[in-house]
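Data block below; observations after.
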Amino acid sequence: MKKTSRYTILTMLLAVAISLGSMACLNLILRVREGWLLSANGAILAGSMVNEWQKRQNISVRQIEEVIKSWDKGMTAHDPVNGQISMEEAIRAGRAWFTKMDLEEYDRERDEKARIHSAYAMLRTLEEPAKAEEKPYYSFWEVRLSGGSVEAVLYVNAVTAGVWQAKVKFHDNLPEEMPYWKLKSFMEFNGLTPYYKGAARNEEGTKAVWEDEDSRLCARMEFAYGNDSHELPDSDDGGSKAAEGKGACAVMTLELAVRKETKGNERP
């Protein structure tokens, strides 16, 4: 009887040890996985993966225009469907985009403030969630990145993994002027061909437009200095004009759009 009790106790202790060990192992795996997702190396490696997604899941210009014209409809959260990238892939794509766009002048590897230490993503669609399977390219992962000196909200297309809209807020090392030339990279990363005449800018230095060479698509940028806060403003909230001088922060919005006029006449 005593021998049986001893075996029972040993069996229970062994089961508890295995359970605790499994939990510790799982937590370690999750921490390593999270660190990889948020590391600079992970973002750099993801750059080539984004290009592969775009090649594999290419959509037509007409479909892109349809989606862009629906921006004002609002978005509804839903679960991923067949043909859409996962949350992890969306975060990696967002990190890769941020790295390749090179929006800040200093070395992100050496400056602790520049490192993104938080990431969050939610999948939303411009269509009814029930139609997500029918039109998967109408869905976007809303990827939020946060660091010591910068915040960003990126809308990553759930099919192409391209960033179609971005709102970036700088708390430190503010740009001296609107970096309108970044529109070129923004377009190229979405497979567009920037018009050879370059971007058109307004006199205040707060808005710019760069047209696509082969379609009615274009890329737009809005830029302003403003008061610092922990919330990114809506794109319509311009803050103070760039011409009035620097504020405590700088906010930049980039987005794909459909131009209304003939090539060369689009103005911000």
Past the 28 Å Cα-Cα mark, which pairs from Lys69/Lys131; Lys167/Lys260; Lys131/Lys169?
Lys131/Lys169
Heavy atoms of Ser146: accessible area, 1.4 Å probe, square angstrom to 10:
40
If you stretched the chain out fully between Lys260 and Lys73, how much longer would it get, using 0.36 nm times the residue separation minus the C-alpha to C-alpha distance?
65.4 nm
Using a 1.4 Å probe on heavy atoms of the protein chains only, the accessible area for Asp72 in Å², nearest 10, reads 150
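Add +1 for every Lys or Arg and -1 for every Asp or Glu among the other residues with Cβ under 10 Å from the Cβ of Pro194, and state the total.
Every neighbour counted, the sum reads -2.
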Potential lengthening between Asn82 and Ala248 on full extension [0.36 nm per residue; Cα-Cα distance subtracted]:
55.4 nm
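To the nearest 0.05, how large is the calculated FRET efficiency for Tyr120 and Asn202 if R₀ is 25 Å and r is the Cβ-Cβ distance?
With R0 = 25 Å, the Cβ-Cβ based efficiency is 0.15.
The values are calculated or read from the model by the stated rules, or taken from the named source; none is laboratory data. Treat the numbers as computed from the prediction; the structure is a model and nothing was measured. Methodologically, a virtual Cβ is constructed for each residue, glycine included, from the backbone with ideal geometry; neighbour enumeration extends over all protein chains shown. Note: areas computed on protein heavy atoms with side chains; ligands, DNA, RNA excluded. Shrake-Rupley method; radii C 1.70, N 1.55, O 1.52, S 1.80 Å.
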